[in-house]
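Worksheet: the structure to be examined is printed underneath.
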């Protein structure tokens, strides 16, 4: 593997990792050396042995979706026997339980429901904020674009009204791979790559931070993975609004892409994680996706550039629908981090310390 340039945060175009270098590392970088270099970057940004995690809950407020993504085993068409929209009372019950377990946030995500407009979401958010002191990290960019379309208003107005009603930050879901060739193949009815970027750009300009994700291992090429990373890095250069990057591998079971599709290996995951840490020199945190990879590989990921183990996942339904289910209590999360030789630190959504274990 050819030597990389000296890594520094927010490198100039002359010194930061270039696309061709990232592609070479994805293709043939020696895995352990790649992990060691990514861990050096992690140490530079996060000196010491702290590993952060959050206690929160993913509330899927509806499974009704008109997108019909080929990689999703969770969604239901309108009118399906098991289609649902959670009542406000049920959502409030889930929030109460989350707070009782020491949670600090909820992440609400759902399908692209054809009948839920901006008024429904404003009412939901205001009802939550009146009753609970909790961070609302909710609604992926495709959901925002869909709400705007259903409501016949602009993305900016949609985000402004949601922010004023109580939305605190945006999750990076629905990015998949930010290349339209791939999106047309796996999620043809979702917003385009440029549309995803535009929602996040608008949110950042309105003071709404967010995370960025990549679901890899479906139908994309290595070049397209790098293109995705470049779009994320370019937007972060522009706005600085991303708090973290979370790559996770496509889980094919129970999806339209299942036939003949082999899930990405643990080595593939670690390679993508390490390259992401090296390439995304302007995003402070990289999260290990133990929910898709399992706890043991999540521990290994802490030596491949990750500084965060994400959520304890009080509730998770989308990945579970694809046949993968991993759950952790707070105590199990703390033990997993300690067994990896690191110090567990509970954080909030904006990476502020809540408790040091």
Original post:
Of the numbered conditions (1) modelled with pLDDT under 95; (2) farther than 16 Å from residue 31 by Cβ, residue 265 satisfies every one except a single condition; which is it?
Top reply: (2)
**OP:** Only one of these is crowded, with 22+ Cβ neighbours inside 10 Å, at pLDDT 95 or above and within 12 Å of the chain's Cα centre (by Cα): 286, 291. Name it.
**Re:** 286
Original post:
Can we say residue 245 is crowded, with 19+ Cβ neighbours inside 10 Å, within 13 Å of the chain's Cα centre (by Cα) and farther than 18 Å from residue 138 by Cα?
Top reply: no
Subject >> Test: residue in the range 136-147 that is at pLDDT 95 or above, in a helix (DSSP H, G or I), over 21 Å from the mean Cα position of the chain (by Cα) and over 14 Å from residue 62 (Cβ atoms) >> reply: no
**OP:** Scan the range 110-148 residue by residue and report those that are in contact with a strand residue (DSSP E or B) (Cβ under 8 Å, 6 or more places away or on another chain), within 16 Å of residue 208 (Cβ to Cβ) and surrounded by fewer than 21 Cβ atoms within 10 Å (Cβ to Cβ).
**Re:** 129, 135
Original post:
What is the residue count in the range 206-230 for residues that are in contact with a helix residue (DSSP H, G or I) (Cβ under 8 Å, 6 or more places away or on another chain), under 17 Å from residue 240 (Cβ atoms) and assigned to a strand (DSSP E or B)?
Top reply: 2
Original post:
If you scan the range 172-200, which residues turn out to be outside any helix (DSSP H, G or I) and closer than 21 Å to residue 157 by Cα?
Top reply: 172, 173, 174, 190, 191, 192
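The values are calculated or read from the model by the stated rules, or taken from the named source; none is laboratory data. Please read all numbers here as calculations on a predicted model, not as lab measurements. Every residue, glycine among them, receives a Cβ derived from its backbone with ideal geometry; neighbour counts consider all protein chains shown.
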